[in-house]
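FYI, it's all coordinate maths here, none of it is from the lab. All values derive from a computational prediction rather than experimental measurement.
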C-alpha cells in the first residue's frame with residue numbers, strides 16, 4: 001500500500017481511531033501513575049513520551065495516509 005493512496009486513506013478509518021484510543025488510555029495511565037512516580041522521585045519524561053507524546057503525534061500530527069511516519073514514530077526513542 002503506497003502512502004497517500006486511496007487504500008492508505010481508507011486504512012486511516014481504522015488506524016486513527018486506534019491511535020486516538022491509545023492516546024486516551026495512555027493519558028489515563030499517565031495521570032494515574034504520575035503522582036506515585038513523583039512521590040518516589042522517579043523521572044516521568046520517558047513514560048510521558050511513550051504514553052502521551054507518541055500516540056498524540058500518531059493521531060493528530062501525522063499526515064493522512066502517511067504510514068511511513070507512523071512506523072518512524074513507533075521506532076523513535
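Computed over the alpha-carbon atoms, the chain gives an Rg to Rh ratio of 1.09, Rh here being the Kirkwood radius from the mean inverse distance.
Principal-axis analysis of the Cα atoms of the chain puts helix 6-39 at an angle of about 0° to the longest axis.
For the chain, averaging the sequence separation of C-alpha pairs within contact (under 8 Å, six or more residues apart) and dividing by the residue count gives a relative contact order of 44 percent.
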